[in-house]
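K.L.:
Mind looking over this structure? Questions follow.
The values are calculated or read from the model by the stated rules, or taken from the named source; none is laboratory data. This one's a predicted model, so the numbers in the text were calculated from it and none came from an experiment. Every residue, glycine as well, gets a Cβ built from its backbone with ideal geometry; the counts of neighbours run over all protein chains shown. Only protein heavy atoms, including side chains, enter the accessible area calculation; ligands, DNA and RNA are left aside. Shrake-Rupley method; radii C 1.70, N 1.55, O 1.52, S 1.80 Å.
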Amino acid sequence: MVIETESGLILPGHPFFDDYLYCTLPPAWRNFAYHNPDFAFVARSGSGILEVVTQEEMEEYIEGGEYDQRLEECGDDDED
């Protein structure tokens with residue numbers, strides 16, 4: 001299994017893949033933030049990839065149950 005390319009790309013299976021994927025901010029997030037001062041980052045259910053969203057989209061993410069789904073995927077049983 002190839003987990004790192006010759007060019008240095010980190011692919012799934014590499015020990016640092018998940019850490020890098022979940023801590024890297026989405027491309028062009030600064031431009032989005034410039035035009036939407038009330039923004040947030042959410043980790044989409046299924047992929048866990050961070051996405052920049054407006055405040056309204058964040059509220060829908062939380063109230064619509066997608067946040068709870070993401071917590072279940074991560075194994076977070078802590079009810080706050």
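K.L.:
Can you tell me which of Arg70, Arg44, Arg30 moves the most in a GNM of the chain? Springs connect C-alpha atoms under 10 Å apart.
P.N.:
It is Arg30.
K.L.:
Using only DSSP helix segments of four residues or longer, with each worth -39500 (n - 2.57), what per-residue ellipticity at 222 nm results for the chain after dividing by its residue count and rounding to 500?
P.N.:
-10500 deg cm²/dmol
K.L.:
Once phi is turned into ³J(HN,Hα) by the Karplus curve 6.51 cos²θ - 1.76 cosθ + 1.60 with θ = phi - 60°, what whole-Hz value does each residue of the range 29-44 show in order, with x for glycine and proline?
P.N.:
5, 5, 5, 4, 5, 4, 8, 9, x, 9, 10, 8, 10, 10, 9, 5
K.L.:
Quickly work out the Glu66-to-Leu21 label distance, labels modelled 7 Å from Cα along the C-beta direction, and quote it in nm with one decimal.
P.N.:
The two pseudo-label positions are separated by 1.8 nm.
K.L.:
Out of the total accessible area of the chain (probe 1.4 Å, heavy atoms of protein only), what percent is carbon and sulfur?
P.N.:
Answer for the chain is 52 percent, counting heavy atoms of protein chains only.
K.L.:
For a quick protection proxy, order the peptides 7-19, 54-66 by their average other-Cβ count within 10 Å, most packed first. Walk me through the intermediate numbers first.
P.N.:
Values: 7-19: 10.6, 54-66: 13.6.
Averaged packing, sorted descending, gives the order 54-66, 7-19.
K.L.:
Quote the Stokes-Einstein diffusion coefficient, in whole µm² s⁻¹, for the range 25-74, based on the Kirkwood radius over alpha carbon pairs, a temperature of 25 °C and a viscosity of 0.890 mPa s.
P.N.:
Here the translational diffusion coefficient equals 219 µm²/s.
K.L.:
What accessible area per residue comes out for the range 25-74, rounded to a whole number of Å², with a 1.4 Å probe? Mind dumping the intermediate values first?
P.N.:
Working: 3500 Å² over 50 residues.
Here the residues of the range 25-74 average 70 Å² of exposed surface.
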